[in-house]
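Asks: Below is a structure I'd like to ask you about.
Throughout, read-outs are computed from the coordinates displayed, never taken from laboratory work. Since we're looking at a predicted model, the values are computed, not measured. Positions of Cβ are backbone-derived with ideal geometry, glycine not excepted, and every protein chain shown enters the neighbour counts.
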Amino acid sequence: MKTIYITVAFMIASIISLSAQESNKRATAGIKGGYNLSSVNFDGNSETAKLHGFHIGVYGESYIGKIFSIQPEITYSQQGYKILDDSGTYTQKLDYINIPLMLKAYPFKNFFMEVGPQIGFSISHKETFDAGFVLYDTSQEFEPNNFDWGINIGTGFKSDNGVSLGVRYHIGQNDIYDEDKPKNEVWQIYLGFEF
């Protein structure tokens, strides 16, 4: 975790220390979407089983130099987790509207690295418990906190015609519930298309 914070601080410090340079690139906008693999980390030392989902949204990218850009986004994201034990499988599905603000660096023409904060708003949730027997299957609601925030890091490729392929990791910093300090962790693989 410390390595991630050091990397984020280094990238931000590098941008601040560089004077803004004129760029012939323009501001762009597009749509993006892809696959989510999410889980929850309890108390910083135990991680749940992964849950599959997807995300979709819109973004804008504005270049602030020859190799740097800022990319705000608004996405719908399916997240959540599973807990497997001898009594059955507990699943919680969490739907979020996420707003990342990514700082991107292009060290090479079509290759980028990205880092930035994200806030999220829980818009729905669903819980199920599968005991393997219909008689014992139950559905019990656990109300998550409405607000989430965290840090994203990622990398990817962007073609000359504006098609992006990337991978991103979200590290949640806010507790989903008031007990056991559960935090979101999400891997994303995505495609983006500029308008």
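Asks: For D160 and F54 in one chain, what is 0.36 nm times their gap in residues minus the Cα-Cα distance, to one decimal in nm?
Replies: On the way: separation 106, 0.36 × 106 = 38.16 nm, distance 2.59 nm.
Full extension from D160 to F54 adds 35.6 nm.
Asks: Which aspartates and glutamates does K66 reach when only Cα atoms under 14 Å apart count, and residues fewer than 8 places away in its own chain are ignored?
Replies: Excluding near neighbours in sequence, the set is E22.
Asks: Using a cut-off of 12 Å between beta-carbons, work out the net charge of the residues near P117 (Lys and Arg +1, Asp and Glu -1, P117 not included).
Replies: Result for the local shell: -3.
Asks: Next up: How do S122, S87, S38 rank when sorted from fewest to most other Cβ atoms within 10 Å of their own Cβ?
Replies: The order, fewest Cβ neighbours first, is S87, S122, S38.
Asks: What does the net charge come to around E179 if you take all other residues with beta carbon closer than 13 Å to its beta carbon, with K and R at +1 and D and E at -1?
Replies: Charge balance near E179 sits at -3.
Asks: Post the alpha-carbon centroid distance, region 47-69 to region 72-131, in whole angstrom.
Replies: Value for the Cα centre distance between the two parts: 10 Å.
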